Every structure is written in structure tokens, then in C-alpha cells.
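The values are calculated or read from the model by the stated rules, or taken from the named source; none is laboratory data. Computed from a predicted model, the values in this text were never measured in an experiment. With ideal geometry, Cβ positions are generated from the backbone for all residues, glycine too; neighbour counts draw on all protein chains shown. What goes into the accessible areas is simple: the full protein's heavy atoms, side chains included, and nothing from ligands, DNA or RNA. Shrake-Rupley method; radii C 1.70, N 1.55, O 1.52, S 1.80 Å.
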Amino acid sequence: MGSTSTRRDWILHLDLDQFIAGVELLRHPELRGRPVVVGGSGDPTQPRTVAATATYEAREHGIHSGTPLRTALRRCPDAVFLPTDPPAYEAASARVMAVLRDFPVRVEIWGWDEAFLGATTDDPETLAADLQRAVHTRTHLDCSIGIGDNKHQAKLASGLAKPAGIHRLTSDNWATVMNERPTHALWGIGARTAAKLAALGLHTVAQLAAADPADLAARFGPTNGPWYRYLALGKGEAEIVTTPWIPRGHSREITFQHDLTDRADIDHHLTTLAEHVTHDATTAGREITKVTVKVRTTPFQTRTRQSTLPAPTTDPATITRTALAILDRHDLTRPVRLLGVAVDYTMPPTTR
DNA sequence: TCTGGGGTCCTAGGACCC
DNA sequence: TCTGGGGTCCTAGGACCC
């Protein structure tokens with residue numbers, strides 16, 4: 001078997017199907033088959049709260065991740081609403097990743113429900129099927145697996161494989177599968193960029209692949225422009241990095257159910273956020289180099305102001321004082337809907 | 001559809017220095 | 001004296017992703 005196949009390197013992308021909903025249905029098996037919406041504290045009457053995810057049954061009612069819970073309730077009064085439980089998702093994710101590490105593959109974790117795998121084999125489909133079976137047996141969660149020559153191809157392939165399937169997208173079938181799809185189908189081209197490309201007459205992947213890199217650079221910048229064409233050609237990063245990701249920064253933000261107008265109130269909430277972020281940084285053993293304060297006012301206008309610190313610090317009083325000083329540079333004449341504090345971390349030398 | 005929270009990277013313009 | 005360039009840092013915002 002496999003006498004005509006070549007043993008070579010592959011990139012696999014594993015994507016857990018409906019991860020959050022899947023974890024919740026394991027805890028609440030009686031809800032299987034019902035429309036379930038997960039988000040916020042699980043109270044669908046709360047304003048300014050959106051769905052983190054929705055089961056397929058809920059999606060049939062037009063409920064998706066990002067749908068306001070109050071809208072979801074209106075569209076499907078029979079839906080079950082559950083609060084989000086990040087520690088539970090963290091734990092389930094760790095169990096899945098442990099399964100992957102038992103295979104002879106290099107594992108690069110991409111968030112709770114995704115991982116890229118580097119494998120050397122003559123039969124990636126069999127490997128993928130073995131992975132799916134092991135994940136299901138040990139965690140009762142389903143996943144889709146994409147097979148490619150690089151991360152971009154593998155990522156798109158796992159999307160094509162859903163639900164619970166396996167799909168191979170390599171340079172051999174790239175043009176056949178992708179050429180007539182819209183540029184938005186590429187990983188890294190969103191609605192805004194797709195619209196700008198369309199304005200240049202570039203609607204499909206094939207059209208983008210044939211575009212002049214210099215024209216793209218002039219329109220989108222020296223890095224992004226040529227990169228878009230690169231994506232359209234099916235190229236991408238193929239290196240699996242197994243060392244843990246080192247975060248560049250950290251942030252906390254809060255949308256208030258009722259707008260803040262009292263300055264003392266605003267100061268108080270900003271102080272709490274700053275203390276929270278500093279505590280997170282200290283827990284992670286990181287130093288802070290820059291502070292950004294984000295303010296969203298009515299009508300949904302978002303502004304940021306930032307300050308680079310004279311020296312890296314972990315001192316809560318310094319961060320709080322800096323955040324309050326930055327807040328002074330914001331226009332606070334309109335009611336405040338959201339406050340956020342973000343910090344940049346010192347990066348250790350020679351990191352990627 | 002009255003619009004969350006947490007990330008990453010890129011760009012453009014200005015300041016400042018040589 | 002009308003006027004160089006390059007390099008780096010900083011800031012604000014845009015875009016994308018899950």
C-alpha cells in the first residue's frame with residue numbers, strides 16, 4: 001500500500017467544530033438538537049451582550065456569533081441561553097491538544113479550538129482520520145482537518161472540510177478549487193479589503209493572482225499589497241513553531257449596560273481596569289512599556305490615546321496614574337459606552 | 001442585528017537626530 | 001542660503017482573526 005505515494009512534509013490544520021457549543025452540549029446532553037445560544041451571563045434580556053456561538057439549530061433562526069442576545073431571543077423565543085465559561089473551554093482545549101501531542105507530529109496551538117500540525121507521511125488522509133478518531137474517543141468533540149503544503153492552504157482546507165471532514169488543498173488543486181471564489185475567501189482578506197479590491201476590478205482569486213504587485217503595493221502598501229497576491233497564488237507560511245507564543249500585550253475592556261456620564265464614575269472604572277491589567281501582567285511575569293486607553297462614546301465612536309512609559313514597570317500606581325492622565329486627553333463630552341485599558345509588554349530578545 | 005472581548009500586524013504622518 | 005536625505009521612535013487608526 002502506498003507504493004506510489006511519496007513520503008513528504010505536510011501541514012495539517014485541525015479545527016474543532018462548534019467548539020464552545022460542543023463543550024456545553026457535553027455538560028448538558030439533554031440540550032442536544034435544541035437551539036442553544038452561548039453568550040455573556042446567559043441572560044437574553046441584557047442589552048449590549050452578544051452571542052459567542054450558536055448551535056446549528058439556532059443558526060436556522062438567523063442567530064450567529066455576534067448576534068445581540070435580545071435579537072436572538074426575539075428570533076427564537078424557545079432557544080436555550082447559556083453563560084460563557086472560559087475556564088471550561090480552556091480545560092477542554094488542553095485535553096484536545098494533549099491528544100494531538102501523542103501523535104508523531106509537531107503541534108502549533110492557535111487559540112482554544114485550532115492547531116497547525118507538521119507531519120511527515122505518505123498518507124496524510126489516514127493520519128487525519130486517526131487524529132479525528134482519537135480526539136473524538138478521548139474528548140467526545142468533533143473536528144475538521146485540512147491538509148495543505150502551507151498553513152494558508154491547510155486553514156482554508158479545514159473550512160472546506162466542515163463538518164467533521166477531511167479536505168486536501170495543495171498547490172496541485174489550488175487553482176481548480178480557489179480560482180473562481182471571491183477574494184474574501186482567502187485567509188487574511190476581509191470584507192473591507194475585498195471591497196477595495198473589487199473597486200480595482202479584482203473580484204476573484206484568479207484575478208487577484210494575476211494582478212500587478214506594484215499596483216497592489218501602491219494601493220495597499222509595500223507589505224500588504226504584494227501579500228494579497230501571494231495569498232491568491234495559494235502561498236503561505238509553512239513553518240510549525242512548537243515553542244509557546246509570547247503575547248505582545250494584554251488588554252481589558254468593558255461595555256457598560258448604561259452609558260457613564262459622571263466623571264468620578266469613569267475614573268473609578270478606568271482605575272479598576274488599569275489595576276486588573278497590571279495584575280494580569282504581574283501574574284504573567286511581564287513588564288509594561290506602553291499604556292493605551294480606549295473610549296467608546298455615543299454614537300458608537302471609538303478613540304484611542306496612548307503613552308509610552310519612560311521605563312518598563314509592573315507598578316500598579318504608575319499604570320493607573322498613566323491611564324488617568326491619558327483619559328484627560330480624551331474628549332469626554334459625550335456619554336461613555338466603553339472603557340478599555342491595553343498595555344504592551346517588554347519582549348524578550350530574539351523572539352519571533 | 002443598536003452593534004462583545006481579546007488579540008496581531010500594518011500604515012501614515014510627525015518629531016527628532018545626524 | 002534654498003535645502004538634502006536617511007533612520008528611528010512615537011502616535012492614532014485601520015484591518016483582520018477567533
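Using a 1.4 angstrom probe on heavy atoms only, work out the carbon and sulfur share of the accessible area of chain A in %. The C+S portion of the solvent-accessible surface of chain A is 53 percent. Loop-located trypsin sites (Lys or Arg not before Pro) in region A:148-190 (DSSP state other than H, G, I, E, B) with a sparse environment of at most 13 neighbouring Cβ atoms within 10 Å are absent. Compute the Cα gyration tensor for region A:104-164, then decide on rounded, prolate or oblate, letting a ≥ b ≥ c be the square roots of its eigenvalues: rounded whenever a/c is under 1.5, prolate when a/b is larger than b/c in the other cases, and oblate in all that remain. Here region A:104-164 falls in the rounded category.
Can you give me the Cα centroid spacing of region A:228-289 and region A:102-154 in angstrom? Value for the Cα centre distance between the two parts: 28 Å.
Normalised per residue, the accessible area of chain A is 52 Å², obtained with a 1.4 Å probe and no contribution from ligands, DNA or RNA. Restrict the search to region A:203-303; then list the GluC sites (Glu not before Pro) that DSSP places in a loop and that have at most 13 other Cβ atoms within 10 Å of their Cβ. Of the GluC sites (Glu not before Pro), the ones in loops of region A:203-303 whose Cβ has at most 13 other Cβ atoms within 10 Å are A:Glu237, A:Glu239.
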